[in-house]
Amino acid sequence: MCLFLPSHPHTLKNPPMWTETDNSLRRHFRFADFKTAFAFLTEVAAEAERLDHHPWFSNEYNTVEFRLRSHDAGNAVTKRDHQLAAAIDAVAARHAPESA
């Protein structure tokens, strides 16, 4: 049984700087260095645990990419993905990304 309904384009607006492509919310971050990018990811991991919603991510040196989708909702974007995107943005604000 699916507990999370997929978002509908007319019901949920993408968070700023996030795009919805291939059934996932996506965003890139660039930080001053690897240490800052990794500290950011460490905080995101704690938020993901708190929300019980774990993102796909990639990290190479000072760049981080996220793709958010809900596997338990048929790999669709749901309200939970939007909530996690907002939490990721809040963590990013504390780590001063250079660009998105």
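The values are calculated or read from the model by the stated rules, or taken from the named source; none is laboratory data. Given the structure is predicted, the values throughout are model-derived calculations rather than measurements. With ideal geometry, Cβ positions are generated from the backbone for all residues, glycine too; neighbour counts draw on all protein chains shown. Accessible surface areas use protein heavy atoms only, side chains included; no ligands, DNA or RNA. Shrake-Rupley method; radii C 1.70, N 1.55, O 1.52, S 1.80 Å.
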If I go through segment 60-71 residue by residue, how many of them are surrounded by fewer than 16 Cβ atoms within 10 Å (Cβ to Cβ) and at negative phi? 3
If a residue must be open to solvent by 80 Å² or more (accessible area, probe 1.4 Å) and either at pLDDT 95 or above or more than 10 Å from the chain's Cα centre (by Cα) (or both), how many such residues does segment 43-55 contain? 3
Among residues of segment 72-100, those that are of a type in the set (A, V, I, L, M, F, W, C) and open to solvent by 40 Å² or more (accessible area, probe 1.4 Å), counted: 5
